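Remarks on the structure that follows.
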Amino acid sequence: MEHTEQPLTRLIRPGEEPLDIEQYERAGGYQAVRKALGMAPADVITIVKDSNLRGRGGAGFPTGLKWSLVPAGPDAPRPKYFVANADEMEPGTFKDRFLLEGNPHQLIEGIIVGAYAIEAEVAYIFLRWAYKLAAQRLEKAIAEAYAHHYLGKNILGSGFNLDLYLHVSAGRYMCGEETGLLNALEGKRANPRSKPPHPVVSGLWGKPTVINNVETVSNVRHIINNGAEWFKGLSRSADGGTKLYGVSGKVKRPGLWELPMGTTVREILEEYAGGMRDGLELRGFLPGGASTDFLTPEHLDIPMDYDSIQKAGSRLGTGLMIVLDDQTCPVGMTLNLEHFFAQESCGWCTPCWAGLQWTERLLQGLENGDGRPEDLDRLAMHTRMLRPGNTFCPLAPGAMEPLQSALRYFRDDFERHVSEKRCPWR
């Protein structure tokens, strides 16, 4: 049995080169591939489904369920594709980079198992352009996997064929949205596609395609090796497994830790991040990257899992917190986030490109001392107009989450910007 505390990170040696393929094999690497190839693809999907693994990229969709929606059997459209989304451009998020640089073979093994489960012949790793070191290490690991017959034709004599390609993104936040990613892979502009059809039915070049986040795929080998019940036993909640949690902001020890799914916000912030820096107090936090709603100190004892955070009024997202302290302007912080989202809009739909730019201008006016009372109503209107269902993709609705919650929790700060005609923190 593998280590039951930190399966994702136990072979990672920060500051050192990742394990090469021989070292990885000696540590149990690629045993999940051998085991999976001896099973029916449907049985592999069943184990992943039973494990309660949910997508770690933000949406939290059940992984095994997604795989099961891919058309199967001899009459299914071919080729099928398996894509690992390593675009990781969510502000405040750096978990996938840690996995990519620290143990690329773990991801590759998960891709092979996932591709076998959905009967895919081709796989891609869609990598953020700025992750130069990750690209080097992935290229080396992919070459090693081919040399040891874990990739290519007739893998380990099983009759299963899989080619894996590393695709380095041209950049932009939109490339991480799954249908924008597909367009980028096809050499097109990274605009979103309307759904349905969903990628599992009609994805890359119109063929069935599964897209999973790096952390999601990295869990697969451990589930196959140790079973669904083992994986569920790692968690403190109904969601299986461990989770890479992180904290950025004015805490004493910003960083990243692999902990049981469902670890409380307080434990992450106080025990692992060391609490706030001396002289500062916690005012709020974004629990899962920039596109999640603010929560406040009253939420410290909530478990960091999908359902608990949703009931509190936010989303788990990527599980990496951005902390707001009592000496940082919440209006300025929100402006910084909205500037990013406005800049990264692909311009495909009017509510997003126009609404986000207008939102940014209103917030900038408040920061400059030019705000008016009606500007707060206009900002609130945008949070309603840019809700899910009003745009082609989740970019604009995600951008509204920090804004709508800032207006709810920090309303007095917005009103002071209007009444004092300045930013009180300057």
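The values are calculated or read from the model by the stated rules, or taken from the named source; none is laboratory data. Predicted, not measured: the structure shown is a model, and the values here were computed from it. A quick note on method: Cβ atoms are made from the backbone with ideal geometry, for glycine too, and the neighbour counts reach across all protein chains shown.
Suppose the filter is in contact (Cβ under 8 Å) with a residue 60 or more places away in the chain, more than 30 Å from C346 (Cβ to Cβ), surrounded by 15 or more Cβ atoms within 10 Å (Cβ to Cβ) and in the same structural domain as L65 (by TED's automatic domain parsing); does Y173 pass it? So Y173 does not fit the description; no. Each residue in region 72-88 was checked for being in contact with a helix residue (DSSP H, G or I) (Cβ under 9 Å, 6 or more places away or on another chain) and either in a helix (DSSP H, G or I) or surrounded by fewer than 19 Cβ atoms within 10 Å (Cβ to Cβ) (or both), and 3 pass.
Within region 259-270, is even one residue assigned to a loop (DSSP other than H, G, I, E, B), free of Cβ contacts under 8 Å to residues at least 60 places away in the same chain, surrounded by fewer than 24 Cβ atoms within 10 Å (Cβ to Cβ) and under 19 Å from the mean Cα position of the chain (by Cα)? Checked region 259-270: at least one residue is assigned to a loop (DSSP other than H, G, I, E, B), free of Cβ contacts under 8 Å to residues at least 60 places away in the same chain, surrounded by fewer than 24 Cβ atoms within 10 Å (Cβ to Cβ) and under 19 Å from the mean Cα position of the chain (by Cα). Could you please find all residues in region 17-50 being part of a helix (DSSP H, G or I) and among the aliphatic types (A, V, I, L, M)? Answer for region 17-50, where residues must be part of a helix (DSSP H, G or I) and among the aliphatic types (A, V, I, L, M): I21, A32, V33, A36, L37, A42, V44, I45, I47, V48. One residue stands out among those in region 362-383 that are surrounded by fewer than 18 Cβ atoms within 10 Å (Cβ to Cβ) and within 31 Å of the chain's Cα centre (by Cα): the one that is farthest from F414 (Cα to Cα), which is M381.
Exactly one residue out of A145, A117, A170 is touching a Leu at 6+ places or on another chain (Cβ under 6 Å) and of a type in the set (G, A, S): that is A145. Count of region 332-355 residues, restricted to those that are buried (at least 21 other Cβ atoms within 10 Å of the Cβ), touching a Phe, Trp or Tyr at 6+ places or on another chain (Cβ under 6 Å) and either more than 23 Å from G57 (Cα to Cα) or without any contact (Cβ under 8 Å) to a residue 24 or more places away in the chain (or both), is 0.
Restricting attention to region 397-426, the residues that are touching a Pro at 6+ places or on another chain (Cβ under 6 Å) and either of a type in the set (S, T, N, Q) or crowded, with 22+ Cβ neighbours inside 10 Å (or both) add up to 1.
Checking the structure you have, find out if any residue of region 209-218 is assigned to a loop (DSSP other than H, G, I, E, B) and either charged (D, E, K, R) or out of contact with any Cys (no Cβ under 6 Å at 6 or more places or on another chain) (or both). Looking through region 209-218, none of the residues is assigned to a loop (DSSP other than H, G, I, E, B) and either charged (D, E, K, R) or out of contact with any Cys (no Cβ under 6 Å at 6 or more places or on another chain) (or both). Take R221 and tell me if it is assigned by TED's automatic domain parsing to the domain that holds R128 and charged (D, E, K, R). Against the criterion (assigned by TED's automatic domain parsing to the domain that holds R128 and charged (D, E, K, R)), R221 qualifies.
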